[in-house]
Amino acid sequence: MPIRLLSSHLINQIAAGEVIERPASVVKELIENALDAGASSITVDIEGGGERLIRITDDGSGIARAELKLALERHATSKINDLSDLERVASMGFRGEALPSIAAVAQLKLTSRTANDGHAFEVEAGGGEVTEPAPCAHPVGTRVEVRELFYNVPARRKFLKTERTELGHIDDALIGLSLARPEVEFRLTHNGKPLRALPAALDHAARLRRLKPLFGAEFTEHCLALMADSPGIALSGYISAPTHSRSQPDQQYFYVNRRLVRDRLVSHAVRQAYQDVLFNGRHPAYVLYLELPFDAVDVNVHPAKSEVRFRETRLIHDFVYRTLKRAIAETRPNSDDPVSDQPPTLAPSPAPAQQAAWGFAPARDYPSAPSALAVSGMYSLYSAAPSEEVREASSAALSPPLGFALAQLKGVYVLAENARGLILVDMHAAHERITLERMKRERNQSALVSQLLLVPQKVLVSESEALLAEELNVTLSDLGFEVDRHGPEALLVRRVPALLADVDLSKLLRDVLSELRTYGHANSLHAYIDELMATMACHAAVRANRRLSLPEINALLREMESTERADQCNHGRPTWVELKMEDLDRFFLRGR
């Protein structure tokens with residue numbers, strides 16, 4: 001076939017194949033346009049799962065009459081002007097492909113009115129033809145109607161799923177966009193029936209109420225709110241408590257400058273932060289908002305704008321990892337006030353070199369309740385049974401979060417009383433976490449001890465990995481390795497971290513090199529060490545069926561209150577639960 005120019009209609013249909021995958025893609029593109037127009041209320045009306053009708057109505061700034069036809073031309077946009085604008089994109093859309101791509105595979109009607117116009121105008125497009133603007137009635141804002149999607153591309157239409165499936169994808173797209181802009185009201189109807197209504201949320205409490213129907217009551221009741229910043233970068237949002245994880249990664253939303261993205265780098269940072277507090281195969285839920293200068297991120301790397309490229313990937317990874325890890329570390333027994341109007345602010349995360357200097361906050365002084373005591377050897381500090389002073393303190397405002405010991409059940413659980421009711425503690429799980437955190441502190445406060453191998457071990461690697469090991473020789477030495485290059489595709493390991501002398505050195509070294517290349521640090525090395533220490537802590541913790549005295553139990557409770565991540569054991573199981581008086585009254589039908 002001879003070389004020739006494609007028709008503009010065929011070009012738009014090809015572009016539609018990249019941008020318009022299914023009805024949910026149309027909804028996403030049109031809502032993004034509405035948000036860029038400054039809409040405070042957006043209504044989405046769907047018929048037939050989006051195949052028959054998609055109608056998006058907003059109260060944004062609208063489109064002037066003279067620009068209505070131009071808006072349906074390919075690469076026509078009001079959001080960028082030159083290359084410098086493309087390098088710091090602040091809007092949701094900017095390519096100018098959405099409307100002409102949709103019009104190439106559906107029948108489209110565009111109605112809009114600006115504040116300066118006395119009435120609205122509308123144009124219709126389909127089959128490559130666009131009508132002249134005609135006057136009509138419509139309030140300030142824009143309405144886009146898309147009918148008979150893929151009517152002229154039957155091969156694409158037959159790949160659409162059932163009406164319920166396509167509606168589910170539309171709902172998912174709406175949820176993702178609504179989480180990005182909590183100050184905007186969203187409504188969704190299907191076949192004339194209201195399906196979802198999300199009122200505008202302007203404060204912290206309202207945002208939690210808006211999250212409840214999307215994530216469930218369990219998430220909003222137990223999530224951790226965070227807000228941290230550093231020069232030129234800020235992270236805020238909500239993450240699930242480790243004890244309230246999910247079997248699927250279906251509630252994970254990460255936004256970069258209010259744009260929902262899927263990023264492997266960020267996913268890795270989140271997994272590392274939750275590393276020793278989740279069951280294997282469990283996943284955290286989160287809604288995180290990363291704000292950084294527009295020129296520090298490239299959003300023009302994917303037609304659907306679902307991926308971005310960071311200019312400082314390691315900085316972003318470390319910031320997300322340290323912020324979440326610090327927030328998770330605060331999951332310990334506490335007596336926080338009810339939800340306030342603002343989420344708590346986390347102090348800027350220190351650099352890795354400063355982390356060893358972190359200590360625990362001093363334990364609060366409670367009546368007859370010494371803090372951070374050893375689990376054994378404290379008989380002289382407690383009487384055989386709680387004194388009257390302790391009983392009074394347990395019901396007073398100064399009662400410690402876990403209260404004071406009452407008894408031990410079947411040698412497994414500890415019962416304690418605090419100001420709000422009854423506390424149940426799994427003593428083995430709690431002591432396991434206490435022991436592991438103590439071992440971590442000791443490791444952070446001393447240099448990593450390495451051990452010289454009697455016989456150097458040869459490790460076969462790729463040529464690029466061998467070159468990387470040679471370049472990072474000093475970094476590997478700081479991590480406890482002594483590695484020499486032994487030919488083009490081999491390394492000779494002479495020294496390793498002492499705790500890891502018996503592990504698979506070939507796999508460990510490859511993991512370390514891979515993470516050093518990608519993220520700039522070797523989390524896998526610390527993961528191996530943490531896993532080993534977790535096993536040691538499990539064997540060192542008090543076992544089930546061991547009887548503890550009341551003084552020992554009280555000492556264990558005080559240790560839990562001052563230990564990071566004390567809400568869950570090393571395997572992600574909860575270490576304690578609280579039954580408030582109203583819960584107990586409900587069990588026994590008191591007051592009914």
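Spatial offset of segment 194-209 relative to segment 46-109 amounts to 27 Å, using the alpha carbon center of each. When only Cα pairs below 8 angstrom with a gap of at least 6 residues are kept, segment 1-80 shows a relative contact order of 22 percent. Please give the FRET efficiency for ALA134 paired with ALA64, using the beta carbon to beta carbon distance and R0 = 22 Å, rounded to the nearest 0.05. Computed FRET efficiency for ALA134 and ALA64 comes out at 0.90. Residue exposure proxy: PHE150, PHE219, ordered by other Cβ atoms within 10 angstrom of their Cβ from fewest to most, comes out as PHE150, PHE219. The residue among ALA206, ALA225, HIS268 whose Cα reaches farthest toward the positive pole of the charge dipole of segment 204-350, with charges on the beta-carbon of Lys, Arg, Asp and Glu, is HIS268. Using a/c under 1.5 as the rounded threshold, could you call segment 8-198 rounded, prolate or oblate? The axes a ≥ b ≥ c are square roots of the C-alpha gyration tensor eigenvalues, and prolate needs a/b larger than b/c, oblate otherwise. Taking the square roots of the gyration eigenvalues as a ≥ b ≥ c, segment 8-198 is rounded. Under a model in which nothing but the beta-carbon of Lys, Arg (+1) and Asp, Glu (-1) is charged, segment 204-350 shows a dipole of about 380 debye around its Cα centre.
Here is the size of segment 199-313 from its Cα atoms: Rg then Dmax, 14.7, 39 Å. Going by neighbour counts of Cβ atoms within 10 Å, the residues VAL270, VAL301 line up, fewest first, as VAL301, VAL270. Each listed q (0.17 Å⁻¹) maps to a log10 I(q)/I(0) for segment 130-176 from the Debye sum over equal C-alpha point scatterers, namely -0.80. Exposure proxy shown here: for MET581, MET560, MET227, the number of other Cβ atoms within 10 Å sets the order, fewest to most, as MET581, MET227, MET560.
All of the numbers you see were taken from the coordinates with simple rules; none came from a lab. Computed from a predicted structure; not experimentally measured. Every residue, glycine among them, receives a Cβ derived from its backbone with ideal geometry; neighbour counts consider all protein chains shown.
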